[in-house]
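Enquirer: Sharing a structure here in structure tokens format.
The values are calculated or read from the model by the stated rules, or taken from the named source; none is laboratory data. Given the structure is predicted, the values throughout are model-derived calculations rather than measurements. When we count neighbours, we look across all protein chains shown, and the Cβ atoms used for this are built from the backbone with ideal geometry, even at glycine.
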4 protein chains.
Amino acid sequence: MSVSVAVAGASGYAGGELLRLLSAHPEFEVVTVTAHQNAGQPLAAVHPHLVSLRHLVLQETTPAVLSGADVVFLALPHGASGAITAHLPDDVLVIDCGADHRLTDESAWAAFYGGEYHGAWTYGMPELRLAGGGTQRTNLVGATRIAVPGCNVTAITLGLAPGIAAGVIAADDLVSVLAVGPSGAGKSLRTDLLAAEILGSASAYGVGGTHRHNPEVVQNLTAAGGSGVTLNFTPVLVPMARGILATSTAKLTASAAAVREAWETAYADEPFVHLLPAGTFPKSGDTTGANTVLIGLAIDERAGRVVVVSALDNLVKGTAGAAVQSANLALGFAETLGLPLDGVAP
Amino acid sequence: MSVSVAVAGASGYAGGELLRLLSAHPEFEVVTVTAHQNAGQPLAAVHPHLVSLRHLVLQETTPAVLSGADVVFLALPHGASGAITAHLPDDVLVIDCGADHRLTDESAWAAFYGGEYHGAWTYGMPELRLAGGGTQRTNLVGATRIAVPGCNVTAITLGLAPGIAAGVIAADDLVSVLAVGPSGAGKSLRTDLLAAEILGSASAYGVGGTHRHNPEVVQNLTAAGGSGVTLNFTPVLVPMARGILATSTAKLTASAAAVREAWETAYADEPFVHLLPAGTFPKSGDTTGANTVLIGLAIDERAGRVVVVSALDNLVKGTAGAAVQSANLALGFAETLGLPLDGVAP
Amino acid sequence: MSVSVAVAGASGYAGGELLRLLSAHPEFEVVTVTAHQNAGQPLAAVHPHLVSLRHLVLQETTPAVLSGADVVFLALPHGASGAITAHLPDDVLVIDCGADHRLTDESAWAAFYGGEYHGAWTYGMPELRLAGGGTQRTNLVGATRIAVPGCNVTAITLGLAPGIAAGVIAADDLVSVLAVGPSGAGKSLRTDLLAAEILGSASAYGVGGTHRHNPEVVQNLTAAGGSGVTLNFTPVLVPMARGILATSTAKLTASAAAVREAWETAYADEPFVHLLPAGTFPKSGDTTGANTVLIGLAIDERAGRVVVVSALDNLVKGTAGAAVQSANLALGFAETLGLPLDGVAP
Amino acid sequence: MSVSVAVAGASGYAGGELLRLLSAHPEFEVVTVTAHQNAGQPLAAVHPHLVSLRHLVLQETTPAVLSGADVVFLALPHGASGAITAHLPDDVLVIDCGADHRLTDESAWAAFYGGEYHGAWTYGMPELRLAGGGTQRTNLVGATRIAVPGCNVTAITLGLAPGIAAGVIAADDLVSVLAVGPSGAGKSLRTDLLAAEILGSASAYGVGGTHRHNPEVVQNLTAAGGSGVTLNFTPVLVPMARGILATSTAKLTASAAAVREAWETAYADEPFVHLLPAGTFPKSGDTTGANTVLIGLAIDERAGRVVVVSALDNLVKGTAGAAVQSANLALGFAETLGLPLDGVAP
């Protein structure tokens, strides 16, 4: 007997990707999809690529519509999940793809988001190494409220956490630059997201450490054992619909061999995170549509820095795939159930 | 009476861009174009976009064919310029777009290139600030042998040199990540340069400080007054034919105001390098086809780092435009003659 | 107990896509992968996106290596399948993604391909309507030798066949122009397939009816009942890794209502081919990674022509998906088994 | 003494391209730029690529602001030029890049545009062959009101007119499919123009002969001598910022040699329109930034059709370049003055 699922905010890119994954999942059945502006439309009008779900119609996003489902995925604008969740039963599994419940530090919330602070939920990054040993996946088993990490956050965190946890890199002068596709910005009608603006061009935004994902990375790497974690990161928008390629660097505090060993150990048994052989580096396109993170590692002896290149699909492991992976853990399914490992490439 | 020009290696991307600029230049006349594999073909078969020069035919790249021109531009593979140049008269202006004559330090050459060391020529970056005051442009006046900088080098150097020269940033822990288009790799038949591989994907190469442009940036920033210059840089290949967007960062050693002032002062009167207003950052596409560098600057107070984003067209200011600009200076023409300022955007 | 599968030519794009689909298929197990130049390499070196199959190593493409598998998929250059197939047992299911066994007319083979004619195998397009009623799927049940259609062929044929079969359009003046991605040309080291050449540009090839897929469409539409089938078709290479969007047009011979009805009837029960509502037209990207064809239909009353826009993924429904779909039918599995319906979009 | 120029609607893509060309033109000086929503902003905030004009500020689009200039270029939404032009002196040269004054047939206007009919101005396509002999350029000399053709219209018309004028193709069953970039749709905030929607995908619009450019092509080809001109045309949006590649086809009514000769004769002396050698076909990217049209021609003997592939930059020869070229003719300058011939490629 399958688990019934509702997706709120189904007309956006994250919502669409949740539906694509959930539709192929053997234990979930999508029964309810909701939207705001597009409520009342057939799903096929908004997401013609979701052929398997073309029988669905978008409804209004209200607690009444969402209740009744065993699991509710929220893919709403920041700040919108509180009003919904307050009206859902405690035993419904709620998985929020937005930022509202990610930060444990209210002052960080105030500094980067502002507005009402909603408190933190169980953090949906199973592979995050924790200072005391083990990973975050233990905390997800049986959880009923889960906050899905930000996409850039996942790329940087999974890139650097093994070195932080093993104490082989310094945490206090991290620099990360990410090539990112425009789907990460959502289906927003902004001039800078028009195809004519983005085709043939690269541009940086959130320059100077102002991006909201900054405190979330700091929180993660602190949890991994980092002390005085400081990160400068810059996302660069490039002409690919999906994908993140994060180039992250930190000062070395150990030998080259010890450094590589830290990552090898951390990810040896992870189903979705893979360290590539020495000398090889990932392409973001190799993770398209998959819940996979590919990582390449190099040491710059001259600069005394490790360089970690991590690739993922912002809509899958960066959002919807992490949500489903966390749901699998919360509900006691196999963690990998229904999640593609192989990217759609080229 | 116009100056006669020969372009060796005319069938590649750098060669084609030299021809496009030279054809529109009021003082130069292209009389000779040479190639290797494509010798004997009409130029129009290789560069159908160069309509104004479709009367030309590609000849063999030999000293005999090239001699007779007042100026010879070399757009050859690394290592190929020596054999040609040895046979050209001393008073012919020779401008080498390759790497053979860029490095003044033979040990750096040995470490990153290897093979015979050819010695350094006058370096073709007019805007480079020099430790003793002034810029490199003075050295270019009357020069007869000029080495054109590497494209990534120009983006990083012009991004960071003002801060180094003014002493407001530390030179010993520079990190730079560049989004670059595949035309920078030339017209090479390599699987990783196929369109199907690059469309929809970003990938890093030369990771770990191994890229050959590294010692050239160190040389430049040392010339600008940097002490113990150390750079970690990573180019990331993204799906745009042309363009570089460099995100470069350095530790602050002065106040935010002093930092911005350093860049403002440095580029206030530069015709081709422009600092954007605070809070705005460049798109690489805004420089397409132009000899322009656009720079945005931000300060990350938390991380204690300045972040400089610099955009240019790798084939113009990164190669062919710098070559023509240097030729203008060498021959006593106005520095800006024949060089487009406005990008072809969107 | 799963069916063992070998894929010959596994290092190319079609081979890689076969592996992606087969790996996710519940009844197939990939036991052997072969290549030519890449033999001896781990599959992960050639296809890093195929994480689930990274334990495999590429072997030489020989009959001995391939025999033993229950099913052999061939993704070889044209002309290479004959030598292999002759040495495989008759009861092994062989599915050829190349052109060698598609054409029933030897003179058409001679005119467009040349070289030895290999004879036609059962044609792997289940949805093709046949003049006598029914579809080609019946012929595929129990087949042991299957020729997979060309990708452009599938887009044009499935676009026009319903109208031909229903007699509502004329078959003698068909015009089709296709926007296609470069993966359709394979992983060939050709200058015109370099990313720098294709990014930012569209170009036509095979202009003037010379493309080898022409006689195959004629064969199909003749099978569908067309008389004097004549097609002018032109593929246009555009900057997207995958996908085909075919715009096909034919003279009307019936009323607008009768025309739309022909397509509605033909595809009402097809699992993979879907007619969109009137006034809507497909995007090729909506089929990425899926075995789906999306079709939009309009009538140009002024010109007396129907215009059919059909979208598919050249590597899935255009090649590897059609191969798996045909294998499902041949072996008695559900036709849709293991084949994704939902595209990876955006 | 230079000619003073005002550009109305300067903040859009057509307006920006007009400014880029005018800024490089030796006889024009841009004195006034106007906008609607962006009035009051520095031009550099809207078009950072126009470095040479960064001293300008956008003003309101009113007759008072525009009057005083010797030439006024209008790059306004359809329907907006009438109210402006009525208040400009008769001797000011007004060049409208919009559709308001293109159609000579009021009923065609009513059928495809609707609203008030404004009457036709002198048509700005110098190369259009006229039935009585000669070309449209004669009519442009001394004109004071000029309507710039539509971008798709130019690609199709210049592709087919020579054959129509020479009587070697039939005019009554023309089919044209165009690969077009999204800049042709302007800087409109529409979901379907977002980068995430367009990257990796091709899609058709205006399917079924509904595109407003249809009657304009019919008008042109009738002027060229066509009888009963009927056109089915479909634009296909592809992931490139600029450019049009039109594949146009018509029934042959003469021998292959006579057909090729018609195009050769027509364009032998044209500065901006070039027929490529037999067997070669253009890439749209070869015309980027240039006022050039490249044409390839093939004959499909089986289908009895000629196929003409024409490439141009929609913002240059498709809009702003045609405007400047027409202005040159109207004012008695050399037709080619200030217009680039060479594309920015790759």
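Enquirer: Just to be sure I understand the filter: pairs with C-beta atoms under 9 Å, separated by 6 or more residues or on different chains, first member in the range C:32-61 and at positive phi, second member surrounded by fewer than 22 Cβ atoms within 10 Å (Cβ to Cβ) and hydrophobic (A, V, I, L, M, F, W, C). Which pairs pass?
Expert: C:G40/C:V57
Enquirer: State all residues of the range D:216-231 that are surrounded by 24 or more Cβ atoms within 10 Å (Cβ to Cβ) and over 19 Å from D:G133 (Cα atoms); if no residue qualifies, say none.
Expert: The answer is D:E216, D:L231.
Enquirer: Filter the range A:222-238 down to residues that are on the phi < 0 side of the Ramachandran plot and part of a loop (DSSP other than H, G, I, E, B) and give me whichever is farthest from the other protein chains (Cβ to nearest Cβ).
Expert: A:A224
Enquirer: Out of all the residues in the range D:188-225, which are modelled with pLDDT of 95 or more and among the charged types (D, E, K, R)?
Expert: Result: D:R190, D:D192, D:E197, D:E216.
Enquirer: Scan the range B:265-275 and tell me whether some residue there is within 11 Å of chain A (Cβ to nearest Cβ), more than 29 Å from B:Y205 (Cβ to Cβ) and not β-branched (V, I, T).
Expert: No, the conditions are met nowhere in the range B:265-275.
Enquirer: Evaluate the following for B:R260: is it more than 11 Å from chain A (Cβ to nearest Cβ) and either farther than 17 Å from B:P149 by Cβ or over 18 Å from the mean Cα position of the chain (by Cα) (or both)?
Expert: Yes.
Enquirer: Might you check whether a residue that is in contact with a Ser or Thr (Cβ under 9 Å, 6 or more places away or on another chain) and aromatic (F, W, Y) occurs anywhere in the range C:276-299?
Expert: Within the range C:276-299 (the criterion being in contact with a Ser or Thr (Cβ under 9 Å, 6 or more places away or on another chain) and aromatic (F, W, Y)), the answer is yes, since at least one residue qualifies.
Enquirer: Quick check: is even one residue across the range C:167-180 farther than 19 Å from C:V308 by Cα and either surrounded by fewer than 24 Cβ atoms within 10 Å (Cβ to Cβ) or at pLDDT 95 or above (or both)?
Expert: no
Enquirer: How many residues does the range C:301-313 contain that are touching a residue at least 40 places away in the same chain (Cβ under 8 Å) and out of contact with any Ser or Thr (no Cβ under 6 Å at 6 or more places or on another chain)?
Expert: Number of matching residues: 4.
Enquirer: Would you mind stating whether B:G285 is under 29 Å from D:S183 (Cβ atoms), at the interface with chain A (Cβ under 8 Å from one of its Cβ atoms) and without any contact (Cβ under 8 Å) to a residue 24 or more places away in the chain?
Expert: no
Enquirer: Anything in the range B:27-57 that is within 25 Å of B:P89 (Cα to Cα) and not small (G, A, S)? List them, or say none.
Expert: B:E27, B:F28, B:E29, B:V30, B:V31, B:T32, B:V33, B:T34, B:H36, B:L56, B:V57
Enquirer: Are any of the residues in the range C:140-151 over 14 Å from C:A323 (Cβ atoms) and either assigned by TED's automatic domain parsing to the domain that holds C:A262 or out of contact with any helix residue (DSSP H, G or I) (no Cβ under 9 Å at 6 or more places or on another chain) (or both)?
Expert: No; the residues of the range C:140-151 include none that is over 14 Å from C:A323 (Cβ atoms) and either assigned by TED's automatic domain parsing to the domain that holds C:A262 or out of contact with any helix residue (DSSP H, G or I) (no Cβ under 9 Å at 6 or more places or on another chain) (or both).
Enquirer: Looking at the range B:198-221, which of the residues that are touching a residue at least 60 places away in the same chain (Cβ under 8 Å) and part of a helix (DSSP H, G or I) is farthest from the other protein chains (Cβ to nearest Cβ)?
Expert: B:N220
Enquirer: Moving on to the next point. Just to check your reading of the model, which residue among B:L294, B:L331 is within 11 Å of chain A (Cβ to nearest Cβ) and either surrounded by fewer than 24 Cβ atoms within 10 Å (Cβ to Cβ) or touching a strand residue (DSSP E or B) at 6+ places or on another chain (Cβ under 8 Å) (or both)?
Expert: None of the others qualify; the one that does is B:L294.
Enquirer: Is it fair to say A:G209 is surrounded by 19 or more Cβ atoms within 10 Å (Cβ to Cβ) and either on the phi > 0 side of the Ramachandran plot or in the same structural domain as A:G82 (by TED's automatic domain parsing) (or both)?
Expert: yes
Enquirer: If I filter the range C:84-96 down to residues being part of a loop (DSSP other than H, G, I, E, B) and of a type in the set (A, V, I, L, M, F, W, C), which single residue comes out as modelled with the lowest pLDDT?
Expert: C:A86
Enquirer: Determine which single condition A:A241 fails, assuming it passes every other condition in (1) in contact with a strand residue (DSSP E or B) (Cβ under 8 Å, 6 or more places away or on another chain); (2) at the interface with chain B (Cβ under 8 Å from one of its Cβ atoms).
Expert: A:A241 satisfies every listed condition except (1).
Enquirer: Given (1) touching a helix residue (DSSP H, G or I) at 6+ places or on another chain (Cβ under 7 Å); (2) part of a loop (DSSP other than H, G, I, E, B); (3) within 9 Å of another protein chain (Cβ to nearest Cβ), where does C:L337 come up short, assuming only one miss?
Expert: (3)
Enquirer: Does A:L252 fit the bill of being in contact with a Lys or Arg (Cβ under 8 Å, 6 or more places away or on another chain), surrounded by fewer than 24 Cβ atoms within 10 Å (Cβ to Cβ) and of a type in the set (A, V, I, L, M)?
Expert: Yes, satisfied.
Enquirer: To continue, here is another question. Tell me, which helices (runs of 4 or more DSSP H) wholly within the range C:97-197 include 2 or more residues that are of a type in the set (V, I, T) and in contact (Cβ under 8 Å) with a residue 60 or more places away in the chain?
Expert: Where helices (runs of 4 or more DSSP H) fall fully within the range C:97-197 and carry at least 2 residues being of a type in the set (V, I, T) and in contact (Cβ under 8 Å) with a residue 60 or more places away in the chain, they are C:151-166.
Enquirer: Look at B:V148 and say whether it is within 30 Å of B:A202 (Cβ to Cβ) and more than 18 Å from the chain's Cα centre (by Cα).
Expert: Spelling it out, it is not the case that B:V148 is within 30 Å of B:A202 (Cβ to Cβ) and more than 18 Å from the chain's Cα centre (by Cα).
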